[in-house]
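Accompanying notes for the structure given below.
Rule-based calculations on the coordinates, nothing more; no lab input. Everything quoted here is computed from the prediction, not taken from an experiment. Backbone-built Cβ (ideal geometry, glycine too); neighbour counts: all protein chains shown.
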Amino acid sequence: MPRDASTDKPLVELVNVTKIYPPDVVAVEDVSLRIYKGEILFLTGMSGAGKTTLIKLICRLETPTRGLIEVAGRDLSHISTAGVQRMRQKIGVAYQDFRLLDKQTVLQNIAMAMEVTYASTKVIRARVEELLALLNLSDKRDKRAGELSRGEQQRVALARAAANGPSLLLADEPTGNLDPAATELVINLFRHLNEKNGSTIVVATHDPSIYAETEHRVMTLNNGQLSAHPNRSPRQIELFEA
Amino acid sequence: MQFLAYILRQTGKNLRQTWGTPAMPLLTVTLSVLLFAFFFLIYTNMLRASARLGDDIRLIVYLDQEVTAQMRPGLEKKIRDFGPVEKIVFVSRSEAFARLSAQLDKEKDILNDLGPDFLPPSIEVYPLKNLNDLTKISQFSEFLLTLPHAAKVQSGSDWLRRFGYFTNLLRVVVLLSGSLLIISMTFIVSYTLRLTVLSRQGELEILRLLGATSAYIRLPLLLEGMMQGFLGSSLGLAALYFLYQYIASRFSGPGFLRLFDFTFFPPELTGAILLASIVLCTVGSLFSIRRFIRI
Ligand SMILES: Nc1ncnc2c1ncn2[C@@H]1O[C@H](COP(=O)(O)OP(=O)(O)OP(=O)(O)O)[C@@H](O)[C@H]1O
Ligand SMILES: [Mg+2]
């Protein structure tokens, strides 16, 4: 459900953001971007274009070399440690490299995200079951994450990111290892979170199948520079250029 | 509530995951508390014993001539002028003889041949209690030797001095084992917690990504340190208590323990040792947490 961009205050705002990895790798260059509450945004671009970097900047795993980043109205360059911690509890991130604990079970991996918010065991248990059912992983609940296939690990990472019903979900290449059926499950999870929970969702991907027919905004990174995606569906042209 | 439940659960999990590691500091804490408390117990008992012995210090000046009633006030003034004295008792030959025969009771027959004059007259000087200082006592006895007709001064201070040396030596041992206790506790606890932190590095990194608060990450480790302090010192003190009980029961009757009326620490002191150990171990865990956990 795209919002009217002109009246809402953006949930995430980037103003002329540049990220240079030492010594001189320009990963993101002069990017300005507003992401509105309740929006689903697709971030595309070739490998090495800077998608992951942009996502890390938004959850403050990286700090920008230049420019301003605000999340929920808070300037990330002037935020306390406790502030970062609170923010991260409300942002769900599915990392491109999953970042799961291989020796712990699927249940434990997902539960961790909720335990840090001191959710009760009962609530955690119910939520994990729900997410596993949505992602068709129910029979893997007590398996160690390290014993799963890449595609299963990918969905566990997504489930963990979605566990707290985050107001912002950042999904980095969420369907890279998935077949069309599993991809469909993931898209449905996004839709579910977005509609039921009002979550804002940013999906970094180079899988055209998941954004080809979308009615949501698609942006493209090219060598660190951001632009609107060139090949837009008639639906998008109708929505964003009218 | 949920917060507390989590902290406790996590602490339990840490202990289970690295069971071999916390057993080591526990043993170290137990042994250092045992060692320290052992010497400290002996020391406190020695102190009490010497205080009690100090109570009945008296200096006896043996004279080669009887002191007449007219001489007494002069002598008494001379002694009191030198130092604070609680009381002065003049014992004549016959009084000394009467005392001895009273002490011998039924066997006083053996005195018959000696006659009532064989014991020397004496002056018994009881210094005030604050004169416990051994050097002052020996000064006092040197002075008493300068009194007219003084033949010999008996103070028992030689024996007291040796006792004092021993108490001083014990104080050094207590201080040494106390420092050992402090060092071993803080070091061992912070060292093992560092191992715990390192073994959980991956988990801590992900907790950081998930927005875990500092308290969430640190409190379980802090609690682990506190528990090691509590359990370790309880075990050490319990071991010492049983040792004490064992020795007391084996050596009951007249002997060393009876002489000193050996007792265990009062509850307050036991509590203080326990508390100190907990504080030390907590400080130790704080060190490792501060140094090794990046938020
Ligand atoms: N930690 C880092 N240190 C140095 N350079 C980095 C680091 N992370 C990324 N880069 C560089 O920054 C550029 C952008 O990387 P990034 O991971 O953001 O790309 P991406 O769009 O996510 O690519 P992919 O689609 O392959 O995941 C790349 O040239 C990469 O080599
Ligand atoms: Mg990437």
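Here are some notes:
- Counted residue by residue at 0.36 nm each, then reduced by the alpha carbon distance between them, the extension gain from B:Val283 to B:Ala248 reaches 9.0 nm.
- Here the residues A:Val17, B:Val89, B:Val29, A:Val84, ranked from fewest to most Cβ neighbours within 10 Å of their Cβ, fall in the order B:Val89, A:Val84, A:Val17, B:Val29.
- The share of Cα pairs per 5 Å bin across the stretch B:58-155, counted from zero up to the longest distance, runs 2, 13, 22, 22, 15, 12, 8, 5, 1 percent.
- Residue exposure sequence - A:Thr121, A:Thr53, B:Thr213 - by fewest surrounding Cβ within 10 Å: A:Thr121, B:Thr213, A:Thr53
- Modelled label positions at A:Val123 and B:Lys136, each set 7 Å beyond Cα in the direction of Cβ, lie 7.1 nm from each other.
- Nearest-0.05 FRET efficiency for B:Ala239 and A:Ala82, computed from C-beta distance (R0 51 Å): 0.70
- Applying the Karplus relation 6.51 cos²θ - 1.76 cosθ + 1.60 with θ = phi - 60° to the stretch A:43-51 yields 3J(HN,Hα) values of 10, 10, x, 6, 4, x, 6, x, 5 Hz, where x marks Gly and Pro.
- Working note: Debye formula, equal point scatterers on the alpha-carbon atoms of the stretch A:10-241, no solvent; log10 I(q)/I(0) at q = 0.17 Å⁻¹ is -1.30.
- The stretch A:64-120 and the stretch A:200-230 have their alpha-carbon centroids 23 Å apart.
- Residues A:Arg191, A:Arg34 arranged by fewest to most Cβ contacts within 10 Å: A:Arg191, A:Arg34
- Other protein chain Cβ atoms within 10 Å, averaged over every residue that makes up A:82-88: 4
- When the C-alpha to C-alpha distance is required to be over 24 Å, the pairs from A:Lys103/A:Lys196; A:Lys122/A:Lys196; A:Lys9/A:Lys196; B:Lys77/B:Lys136; A:Lys51/A:Lys196; B:Lys78/B:Lys136 that qualify are A:Lys103/A:Lys196; A:Lys51/A:Lys196.
- Within the listed set A:Glu13, A:Glu213, A:Glu173, the residue fluctuating most in the Gaussian network model of chain A (springs between alpha-carbon atoms under 10 angstrom) is A:Glu213.
- Within a Gaussian network of chain A (alpha carbon springs, distance under 10 Å), most fluctuating of A:Pro64, A:Pro23, A:Pro174: A:Pro23
- Relative contact order of the stretch A:10-241, pairs being alpha-carbon contacts under 8 Å that are 6 or more residues apart, as %: 28
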